[in-house]
Structure formats: structure tokens, C-alpha cells
Amino acid sequence: QAERTIKLLLEQVAPPRGDDADGTESNLTVATDATTLASAAGSAAAADNSNSSRSCSRLTAREDDESIETAPETRERGLVVDGKTLIFILDQRTHLLPAFLSLTQQCSSVLISRATPLQKALVVKLTKQSLGIMTLAVGDGANDVSMIQTADVGVGISGVEGRQAVMASDFAITRFSHLHRLLLLHGHWCYDRFASIILYYFYKNANLTLVLLWYQFYCCFSGNNFIDQMYLIAFGLFFTSIPPIVIGVYDKDTPSSVLLSEPKLYSVGRLNQVYKHSYFWVNILDAFYQSLVMFFFAAATHLGTVSGLDELGTTVMHSCLVSQLLHVAVEIKSWTILHVLSLVGSLLVFHLFIVLYTLTCVSCFGLQSQYGVWAHLITSPRHWLIVLITAVTAVLPRFVYRGLQSSLYPSAVQLSVLRNKQRVWKARLHREPHEGGKRQGEELPIQLISQNNVEG
Amino acid sequence: MSVNATADTTTRPRNSKFKQKFKQQRLPAWQPILTADTVLPAFFLIGLLFVPLGVALLLFSDSVVEFQVDYTDCNSTSDAHQIAVGEYLQCKDVITEPSFVHGTDTCMCQIDFTIEKTLEKNVYMYYGLDNFYQNHRRYVKSRDDKQMQGRVVDEPPSDCRPFDADPDSNEIYAPCGAVANSLFNDTLRLFVTDTLLGPQRKVPLLKNDIAWESDKNIKFHNPPGELNDSPDGAFKGTVKPLYWTKPVWQLDEEDPNNNGYENEDLIVWMRTAAFPSFRKLYRRVDHSKSQFKNSLQNGPYMLEVDYNYPVSSFGGRKRMILSTTSFLGGKNNFLGIAYITVGCICFLLGVIFLVIHVKFGERTTKHLNINQNTPYSE
């Protein structure tokens, strides 16, 4: 399998032989195909040099279908520039830069050789600014540091030329081939995880605050917290903080074999399809609805009864917690033992905290005494019934939406996962050893890949 | 030069397998995709579970019998409050007159009512208040739990102000705070008017075991000493709260276990209510007497009230409630209705998803089977 280039890569390669070391003339080799491009940039370039050869040089292997450079023709073309030419191009006085940039947009890849570190950084910066795209820079030597720091994402390769590049970079890898996994696997997962936990955090906090708001309608808007302050502190800190961390570290929306074999799934992250503005507002709306359910189910059950403030507050907090954990459970895309432990652990921490607090603290920190409230509630069937129905009703719309969306309008990622699942099941049914072996090969551990450098 | 950490793992077998898998993001995982067919069973399950549960809850709630008597506007029975023959002043106006001295003057009213349905054992008597915001923030804060635990306080907490100490003598109110100050002080008595039901006229009511055990045993405790304000008494140096007619050690002089801070009416009152319309347990019907052994029979009754508690200034209402209980508490239909509704909605969703799965299931499989030979759609 050929290695796939996804973004604009500026690489320092070995110096090309036959360099015009003595000539002041720069050697600009423009490899284009049709006259359309020649008119755009060739005129400018031709003015600078006398001979412009027309050869198509195929630098790297095939580009995937959805490339940033939306060239009307699907023919791949590459551009080779050397450092001396770049001096002219980057100089403001020649006004060549816009033409150069538009030319590069028509190419699948651009090779710049013999560039100074400053030039490298300058090219990255100019690409970022004028094209408005996200840039990634890979480098392994000290001369790549400025380029790495200028780009949005800097990847350093630790190896032969020392660790300066690594120290300046955002991500460090040990082999250039790891870039493949870094982007396709970890980049994809990272984006999806971030989207998940950011949406969840906004939901979590908006939810709890809104629940406190609804009570104000019943207490003259006097600002009474009907949930005890110790619970409010512990809620965000202990009860609901671990599951999102586990999601952020470990949730995989697609198995690695699928992502590696279908690189086009990377565009989900590139095109910002998991965290859109509308998703944020829908999420807040969901938080709003859930807070209504959490508060009013408990309130309607307690209205006009002998229930005190503490009982209502503790019941609402308990149902809030269970609903939020159930929400996390619906949002988890791949369940590992860590996910299970985090959810169970959160509930255990909650129960432990509340038992200790209500049994030991008769009146502490100047707060309202919660003594004996939990003992009273834990034996009350009404309390557990409220928690049950609140949790189910609160998460119901989200659950319905997820079921509908993946059945009627499945995303590319979901289709790939489903396809993969089908394939696995078929393989198991028909017991095809080939299928299993092939997948095994794709999932070689990292060290094997680095040693064999299997890329061909 | 740099030795890869990843290469080391092959030479360091001591790294546990779990840790190795964790670091390489290879922990075994279960990946459910929530499609219509996987989500279906959940809906039917919830529907099947919730609807019968809701029905059962409604049945339980219906089995609770409850009667309410609103006595806010009741008329005085005393001749002193007579304005015309057969016409008496309302007690709520009598007690707000400036000449009325709380503690010495009284206003008593009697209300006849009928209990239509027999209340089976155990019957409880509650008092209910409306438009009384016991959940207001400043009100809820205005109490001193440490004082109620029996610790001798020199300085009442600032939250108790302005009900912390007597402004003239600087003696601390016992108990301090607005919550204690507004203690409900009506006395309710119940009488059977139909003597055919039995010889006894007054319905026997018990005043113990109405507060939470945890409250009575731990949270509320009298300070050490005799229950009086003598120099070596429990409440020395204190004075009765502003609106009370008698000091805290005279709340129940017949029963020393129910006196002082441990008075159960006080304890019940101190547990602040969640909503502006609430009820609190007042008394329990004593079912040990033969006439009331199993129930409170239906028939005509009379409620006699020592009307002391002023609620008209804030538009409040007062009620007496007689009720039985179920294992869910008092009469409340909401939970049963909610369960039935959610159960039905889930069942409906299950049916919808079934339809979707049957109708659109092919669409997904078509998506999955796209390969190079698939023709373009029309």
C-alpha cells in the first residue's frame, strides 16, 4: 500500500544532484499538464527562467478523492521548487506569491528543496494565512524547528538528528511512517473524543444550574439552594468527573482497522462534522429539557406532602446524577472495562459520600443539617421510583435520536463500522481464515512497523 | 540515539498485559451501534415494565383516603366576640385586633364536617399551610442547630438576626431564629358528634412519634440541667422567642421527654418544608381505644380549634387534614400517571422503530453492500 499524503507536506529531502551550484539562474521546474495552469503561473514563472520543461513528475502515490485542493481535473500533478527560486517568490517586490499559491493549490504535492529554515517557516505561515487552512509540519532536525512552531500542528521526529525538533513540537513520533497512524487513528479519535466531552461538559453544568433555577419559582426567587452546598461541590468534582475523562482518553468511535483501511473517514475531522454550532445548541436544549424532567417529576410528586427541603433536594440531586450517568452511557461509543468502572465507581463514590456526610455531620460548616436525610430516603420506595422514571425520561429523546439517526441517516463513520461488523460476523460464520489473517496484518504493533518500514 | 519506549516493551515482560494494552489503546472493547433494531427491545422492555408499575402506583394512591377542612375563616364561639344574635366575629379578625393579648386571650372556633368514607388504620392528623414560604433563603438560614443540639451558646449566630436576642435585656432567645419563632401554635381537637358510634366523644390523639427518630435522638437535645431558667437550669440566661406565648421549657409540662428542644411539634416545625403549600404531621390517632381500634368511622365530626396562628396578613390559609398512608406516602397520583404515560410513549416508540426497521432496514443494508459493481441509482 502506498503511503497517502493528506495535507501539504514540506519535507527536506536529500539535495538533488546536478544542482546549479554555480549559476545565478534559478531552476524552476514547473510540472503542469494543461495550458490552464500555465497561463496562471507559467507566465510569471517563464519570465524568470528561460527553460521551462514540461514533464509530469509524479511525486507520491495516489491522492484520496477528497483533497483540499479541489482541482477540476483529477490528474495528479506535482510541483518542485528549490530554495533559490523561493527567494524570488517570497520576496514581496516580485508579487509572485499569489500566483505561486494558486499554482500550489492546483497540485497534489509540492516539493521544495534546499530551503532555509526561515523559508520553510515562511511558506507555512503564508499558506496558513492566505489559504486559511490548517497546516501540519513534520520535521526531524533543528532546522525544522521554526517550521514546526509556525504550523498549527507540529510533529517532531526523534531520531538521527537529535531531539530539538521533538522539543519544539506538539506531537513526537519516532518514525516518519508513524505519521500515518498519528493522523488517521489518533487524530480522528482525538477529534471525536474532544467533541464528545466538550458537549457533555456544557450539558452537565447547564443541567445542574437549570435545575436550581426551576426551584426559584417556588421559593420567591430568594436564591435558596435546595440542594445542599456540599452536594453541589461534590457533584461536579467527584460524582460526574471521571466518566468524561475516560471518554476523553479512551473512547473509540471506529475500530483502528476500519480507520486505517478507509482514510476518507479522516475527513470527518477535517470538515468539522462532529462539533458544529447546531450540535452545541441542540445539546443545550437537551440539557434544558432534562432539567425540566429532573426537577418537575420530583416536585410534582412532593407537592403538598410532608416532604422537607432536604428530602426534595437530595432526591433531585440523586435523579440528576443517575440521569447524567445514563446520558454518558448512551454517548459512549466503545465500552471497555474502564468505562464500566468509571460509571460504577461514580455511583459508588456518590453513595459513600452521601452516607458518610449524612451520618456523621450533624451540623458542620454552618450549612443546613442533612443529618439522617439519606437514611430516610434510602428506605423510601417513592424516592427510588422518582429516580428511575426521571433517568429514563430524561435520556429518552437522546436515545431515540441516536437510534433514528443511525438507521435513517447514518454517517460515513457509522456505515464503515457497520460494514466492518458485518464482515466480521460473516467471517466468523463462514470461518474464513484469510479474512482474519488480513486484518491481523493491518493491526501490527507499532514497533514491528517501525522495524520493517512496511509502506510499499 | 534515543531508545524507543515502544521497543522496550518486548524486552520488559514485567509490564503487565493490561498496562501494555492500555498504553497502546488496545483494550478489548464492545462497540454497540444504536440502530433501530438494537434499540427496539429496550423500548418494549421499558413499556412492559412501566405501565403495570404505573397502574399499581395509581391503585396504591387511590387506596389512600384523605379529608381536608379549611378553617382559616372560622367563626369564634365565644360570646365576647358576638356582633349580633347568632353572628360571631371571625377568629382571624379577633386575633389581629390590637387589644388581643396572645397567651391570655383566646379565640376558639368549632367546625362541623362529615367524613364520607371510613379511614382505615392508621390515621394521621396533619395541619396544612398555604402561601407560607418556609423555603425562603433568609428564613431557612435563620436558625441555630448547635443551640438545638444542647450546646450552651454565648453568642447566637448572625443568621438568627433579628430573632437572636432580646434588644432590651440582651438575653438570647431560646431557640433563636425565624424558623423557631414562627412555630405553629394552633391547637386542634377532634370530636365525634354522633354518639351512636360509641360512648367516647373526643378522638384520642397521640403526640409522640411524629418527628423523625434521627432528629429526636441526635439533632435535638436539651442542654444539661433542669428544664427551667433558674441559675443552674438548662435555659439560664435565655428568654422566650418574640412571638411565643410561653418559654420553650413549658412546651409540654406533662411529658418531660417532650419538653424543651425535644418537643416533637417543635422538631416537626423545624424541618423546613419544600414548597409554600405544605402539611406537617400534627397528631396520630390512638387506635388502642376500642371505638377507634381499626378505623376512624365515617360520620359527622367536629373540629375544635384554639385559633392563635395569624396567617391573614400574608394571605395564607390553614387546614386540618385527616389521612391514611400507603407505602408510598400520602395521596399523590402523579407518579402513577407519569409511569403509565412514559410506559405508553416507550411502547409507541417501540412500534414506530419496528416499522422503521422493517421499512427502512433495507436502506442500511444497501449502503453496506455498495461495491464497485453497484449500479448508480436512478
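Give me the percent of the accessible area of chain B that comes from carbon and sulfur atoms, probe 1.4 Å, all protein chains in place.
55 percent
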So what is the diffusion coefficient of segment B:65-325 in µm² per second by Stokes-Einstein at 4 °C and 1.567 mPa s, using a Kirkwood Rh over Cα pairs? 66 µm²/s
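For peptide A:209-219, how many partner chain Cβ atoms fall within 10 Å of a residue's Cβ, on average? Working shown, then result.
Working: counts 0, 0, 0, 0, 0, 0, 3, 1, 0, 6, 10.
Per-residue shielding by partner chains comes out at 2.
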Mind checking which lysines have their C-alpha under 25 Å from B:LYS21, skipping anything on the same chain fewer than 8 residues away? A:LYS252, A:LYS333, A:LYS421, A:LYS438
Reachable lysines from A:LYS84, Cα under 20 Å, same-chain residues fewer than 8 places away excluded? A:LYS120, A:LYS125
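Please compute the average number of Cβ atoms from other chains found within 10 Å of each residue's Cβ in peptide B:262-273. Could the numbers behind the result be given before it?
Details: counts 0, 0, 0, 0, 0, 0, 2, 0, 2, 8, 6, 8.
If you average over the peptide's residues, the count of other-chain Cβ atoms is 2.
Can you tell me the FRET efficiency between A:PHE88 and A:LYS128 if r is taken as the Cβ-Cβ distance and R0 is 25 Å, rounded to the nearest 0.05? Display every interim value, and only then the final one.
On the way: r = 21 Å, r/R0 = 0.85.
Once rounded, the FRET efficiency stands at 0.75.
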Give the lysines whose C-alpha is closer than 17 Å to that of B:LYS293, dropping any in the same chain fewer than 8 places away, or say none. B:LYS117, B:LYS121, B:LYS202
Roughly how compact is segment A:180-428, stated as its Cα Rg over 2.2 N^0.38 Å to two decimals? 1.15
Compute, for A:SER411, the solvent-accessible surface of its heavy atoms (probe 1.4 Å) with the complete set of protein chains present, and express it in square angstrom to the nearest 10. 50 Å²
Could you work out which residue, out of B:LEU49, B:LEU129, B:LEU190, moves most in a Gaussian network model of chain B, that is, has the largest mean-square fluctuation with Cα springs under 10 Å? B:LEU49
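Regarding segment A:258-374, what whole-number volume in Å³ per residue does the convex hull of its Cα atoms give?
Numbers: hull volume 18.2 nm³, N = 117.
Taking only Cα atoms, segment A:258-374 has a hull volume of 155 Å³ per residue.
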Given H placed 1.01 Å from N in the peptide plane, which residues other than close sequence neighbours of B:ALA165 have an amide H under 5 Å from its amide H? B:TYR173
What is the angle, in °, between the Cα long axis of helix B:334-368 and the longest principal axis of the Cα atoms in chain B? Nearest 10 is fine, range 0 to 90. 10 degrees
Residue by residue through segment A:200-215, the couplings from Karplus 6.51 cos²θ - 1.76 cosθ + 1.60 with θ = phi - 60°, in Hz, x for Gly and Pro, are 5, 5, 4, 4, 4, 6, 4, 4, 5, 5, 5, 4, 5, 5, 4, 5
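When the Kirkwood radius is taken over all Cα pairs of segment A:128-192, what Stokes-Einstein diffusion coefficient follows at 37 °C and 0.692 mPa s, in µm²/s?
Values: Rh = 12.0 Å.
The estimated diffusion coefficient comes to 275 µm²/s.
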Mind giving me the nanometre distance, one decimal, between the label points for A:ARG431 and A:VAL344, set 7 Å out from Cα along Cα→Cβ? 3.4 nm
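The values are calculated or read from the model by the stated rules, or taken from the named source; none is laboratory data. Every value quoted in this text rests on a predicted model; they were computed, and no experiment measured them. Backbone-built Cβ (ideal geometry, glycine too); neighbour counts: all protein chains shown. When the accessible area is computed, the model is the full protein with side chains, heavy atoms only, and any ligands, DNA or RNA have been set aside. Shrake-Rupley method; radii C 1.70, N 1.55, O 1.52, S 1.80 Å.
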